[in-house]
Amino acid sequence: MASAGAFPLPNLQPKHRDLSFRFFFSDFRVHPGPPKPPPSKCPCRDWKFSVRTNAVYTEASHGPAVAPWKEKGNSSSDLDDISILNERIRKELGKREGLRAGNKAVNSTEVEKYIKTVKQQQQLGLQKLKGDNKDKGGIGYKVDPYTLEQGDYVVHKKVGIGRFVAIKYDVSKSSSDPTEYVFIEYADGMAKLPVKQACRMLYRYNLPNETRRPRALSKLNDTSAWERRRVKGKVAVQKMVVDLMELYLHRLKQKRLSYRRTPAMAEFVSQFPYDPTQDQKQAFIDVEKDLTERETPMDRLICGDVGFGKTEVALRAIFIVVSAGKQAMVLAPTIVLAKQHFDVISERFCSYPHISIGLLSRYQKKSEKEEHLSSIKNGDLDIIVGTHALLGNRVVYNNLGLLIVDEEQRFGVKQKEKIASMKTSVDVLTLSATPIPRTLYLALTGFRDASLISTPPPERVPIKTHLSAYNKEKVLSAIKFELDRGGQVFYVLPRIKDLEEVMEFLEKSFSHVTIAIAHGKQYSKQLEETMKMFSLGEIKILICTNIVENGLNIQNANTIIIQEVQQFGLAQLYQLRGRVGRADKEAYAYLFYPDKSLLSEQALERLAAIEEYQDLGQGFQLAERDMGIRGFGSIFGEQQSGDIGNVGVDLFFEMLFESLSKVDEHRVISVSYKDAQFDVNITPRLSSEYISNINNPVELINEAERAAESDIWSLMQFTEQLRRQYGKEPHSMEILLKKLYVRRMAADLGIRRIYASGKKVVMTTNMSKKVFKLMTEAMTSDIHRNSLTFTGAEIMAELLLELPEEQLLNWIFQCLAELYASLPALVKY
């Protein structure tokens, strides 16, 4: 956000004591000036203005020295119309830098091409990842009524939220034959719906926070409340689509030179000691094409089960980028996994001494870390491996070309945001066995390319999974079986404080065996030494937290025991189970819970899912199941979660996929500010008291006009700076500002002309009827919404009576502000 000083205003010096001015904006003439290096924060200051001002001179008395124009009760803290609009603009655009000043827009031809690409990608993604679904290219979320149980909450598209009672036969008025009906309880009565109709209209009601209880049931006899909730959800869907579109468009606008194919690449590939599977080969081809044939940054998801060869795909991408003189970053969620990646990369690149590799983590000594930071900045390190420390502000890359993200679901919100911000400028490859729901969702909808590695290596066998209540005898028996065949055991718990207790218990039964503890709070050297001894086979039982969740490849460890299994997420359980079964020996996973009666319904479903998906290569299917169980919760932030609560997850997502498939229908084509005419004859008169405190009032007005011509963000900043410097403006200046806001909003909304004819207000526009419908549905003011109609290329408002010019300006300002609130839900290029 620009600083307060982005809009310097004229100095506060007494001038023009006796005059008041009337400014006629129709007389302004605008000429682009030559560019000035360096550019100012405000793009509007790169314009030169020549002004012809018609002024009406009037005598005025000398007023008090300090802000004499302030009217009683009109303090700067009052929430006037402009302040309310500014607050909304700040809220919506503050996080949407693509809509603010200084961002180069694409032209209409490019937009058409991009939108076509998006729709093709979406269809391709759906077909590839969901099979040949013929349901209009989308994914159906409607519920099968026969799967409902009494008390389940459902959503009817037109009526709202109800409670399922039963499916019974009943005789309709029009027929003597009994028909099967779904009975649904609402707040004011019972409804019955033929089963065939219910299949088309009903959705299960789930929420992202794993609860299924709505705030209240809808009413049969008054659907207005439900309609408001549905519209709110629809607008939230549109905003999500636009956010995705803008990220996608911004990435497509970025250009980089494609990488060259070199003979050295073939040599590097030949050093891979295994025969790749067919899926692996395809993933290699996909990534190589992304890097060598495209001129836009790669953003590809490699989804493959644990041990299926995702790392080799990443290594080949690294080689291509580093060979071209750029840096590659490998980001891992834990130091244990980062160290393993460092070792694997170092071994794979040992034949290339000119390629330097470094490991950066929070456990390093200060001097070692400073040396690495300097080497990264100077370009002395080609491959940098580390944890989220790599995302810190102190890490400055010399020429970063590739980001490898392993197990993105393990990173926090801030780290994910930083990763997302990098995706528009560098090539990104994400590796995951169970992609986070957002990642999966993006892949499914075509906003992200995905390669699936679902074929296991020939020697791999499925892991046998046992799920039961905790039993000491079962634990000891499982460990004894593994030790007797010469293997090693992982024993995983969710809390550090429980590790010592388990160690005491196991030492009594296995006193002759080396047992150790590992968790993230240990000193780095201690943790590193423990993991090294376990990998060498010197430690037989490792009692640990989920720090071992990702990437560890210890082929002799083929039994894992997970206690308090209900405390782990589905993706975590799948990853933990993947720590065993890395060789050709049969592996076992024992999942223990305390007492089934204490588990939530969602926890039981998670456990059933992990037991169900035991076959190799089912991480992707498991992630989809996880999405269903958790209601797509981790896709959304707090605000979107509230929006989903209005309609439930299933209906929300059907709206989302429908909106994605029709993205070109929800597009606003703005017009130039110069072409937006406001033909209402109102000429504000600035008082001499106000003018006398401004060094150059003409320049002040010019500044306002330049800000308005730039964009709404610049106009907001100008207004706020004006009020900070001079206090709340007098009424006449407020009218002048409102005229600027009206023209600016009209231009952004695609309205070319606004004029009044008697009791009618007419707005000539290029927007479509569907866009108008979406905007008016989202309006909170019934007065404005009910007065608007759309005919051809005009929006018309029928007022109750002909308003004076000033009141008419206020009405138009408020009406446009209401329409403008929907703008973030529309594609604006």
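The values are calculated or read from the model by the stated rules, or taken from the named source; none is laboratory data. From a predicted model like this one, the values you see are computed outputs, not experimental measurements. All Cβ positions, even for glycine, are placed from backbone atoms using ideal geometry, and neighbour counts span all protein chains on display.
Taking the stated definitions as given, is Ala707 of a type outside the set (Ser, Thr, Tyr), touching a helix residue (DSSP H, G or I) at 6+ places or on another chain (Cβ under 6 Å) and buried (at least 21 other Cβ atoms within 10 Å of the Cβ)? Spelling it out, Ala707 is indeed of a type outside the set (Ser, Thr, Tyr), touching a helix residue (DSSP H, G or I) at 6+ places or on another chain (Cβ under 6 Å) and buried (at least 21 other Cβ atoms within 10 Å of the Cβ). In the set (1) at pLDDT 90 or above; (2) polar (S, T, N, Q); (3) surrounded by fewer than 20 Cβ atoms within 10 Å (Cβ to Cβ), the condition left unmet by Gln488 is number (3).
Picking from residues in region 123-178 that are at pLDDT 85 or above, of a type in the set (A, V, I, L, M, F, W, C) and part of a loop (DSSP other than H, G, I, E, B), the one that is surrounded by the most Cβ atoms within 10 Å (Cβ to Cβ) is Leu148. Looking for something over 29 Å from the mean Cα position of the chain (by Cα), part of a helix (DSSP H, G or I) and not hydrophobic (A, V, I, L, M, F, W, C) - is there at least one such residue anywhere in region 575-584? The answer is yes; a qualifying residue exists.
Restricting the first member to region 526-547 and to residues that are within 26 Å of Phe568 (Cα to Cα), and the second to residues that are assigned to a helix (DSSP H, G or I) and basic (Lys, Arg), the beta-carbon pairs closer than 8 Å and six or more apart or on different chains are Glu528/Lys339; Met531/Lys339. For the subset of region 333-358 comprising residues that are assigned to a loop (DSSP other than H, G, I, E, B) and either modelled with pLDDT under 90 or touching a Cys at 6+ places or on another chain (Cβ under 9 Å) (or both), which member is nearest to Val548 (Cα to Cα)? The selected residue is Thr334.
Among residues of region 679-695 that are within 20 Å of Val762 (Cα to Cα) and in the same structural domain as Arg724 (by TED's automatic domain parsing), none has a beta-carbon under 6 Å from a residue that is of a type in the set (S, T, N, Q) and in a strand (DSSP E or B) at least six positions away or on a different chain.
Scanning region 761-775 for residues that are surrounded by 14 or more Cβ atoms within 10 Å (Cβ to Cβ) and touching a strand residue (DSSP E or B) at 6+ places or on another chain (Cβ under 6 Å) gives Val761, Val762, Met763, Thr764, Thr765, Phe772. Meeting the requirement of 3 or more residues that are within 29 Å of the chain's Cα centre (by Cα), the helices (runs of 4 or more DSSP H) wholly within region 710-829 are 712-726, 731-748, 769-778, 805-820. The selection criterion, being of a type in the set (Gly, Ala, Ser), modelled with pLDDT of 90 or more and either loosely packed, with under 15 Cβ neighbours inside 10 Å or part of a helix (DSSP H, G or I) (or both), does not hold for Ser367.
Scanning region 281-302 for residues that are more than 16 Å from Met422 (Cα to Cα) and under 20 Å from the mean Cα position of the chain (by Cα) returns a single hit, Ile302. A Cβ distance below 7 Å, combined with a sequence gap of six or more or placement on separate chains, defines the contacts here; from region 264-289, residues that are within 16 Å of Phe308 (Cβ to Cβ) reach residues that are of a type in the set (Lys, Arg) and part of a helix (DSSP H, G or I) in the pairs Phe284/Arg316; Val287/Arg316. When the residues of region 646-680 are filtered to those that are in a loop (DSSP other than H, G, I, E, B) and out of contact with any helix residue (DSSP H, G or I) (no Cβ under 8 Å at 6 or more places or on another chain), which remaining residue is surrounded by the most Cβ atoms within 10 Å (Cβ to Cβ)? Out of the qualifying residues, it is Gly648.
I need the full set of residues from region 380-393 which are surrounded by fewer than 19 Cβ atoms within 10 Å (Cβ to Cβ) and at pLDDT 85 or above, in order please.
Filtering region 380-393 down to residues surrounded by fewer than 19 Cβ atoms within 10 Å (Cβ to Cβ) leaves 380, 392-393.
Within region 380-393, Asp380 is the sole residue that qualifies.
Suppose we filter region 708-752 for residues that are touching a Ser or Thr at 6+ places or on another chain (Cβ under 6 Å), of a type outside the set (A, V, I, L, M) and within 13 Å of Gln677 (Cα to Cα); how many remain? Of the residues in region 708-752, 3 are touching a Ser or Thr at 6+ places or on another chain (Cβ under 6 Å), of a type outside the set (A, V, I, L, M) and within 13 Å of Gln677 (Cα to Cα). With respect to (1) over 23 Å from Gln572 (Cβ atoms); (2) outside any loop (DSSP other than H, G, I, E, B); (3) touching a Ser or Thr at 6+ places or on another chain (Cβ under 9 Å), the lone exception for Lys255 is condition (2). Check whether at least one residue in region 413-422 is modelled with pLDDT of 90 or more, touching a helix residue (DSSP H, G or I) at 6+ places or on another chain (Cβ under 8 Å) and farther than 23 Å from Phe568 by Cα, and report yes or no. No, every residue in region 413-422 fails to be modelled with pLDDT of 90 or more, touching a helix residue (DSSP H, G or I) at 6+ places or on another chain (Cβ under 8 Å) and farther than 23 Å from Phe568 by Cα.
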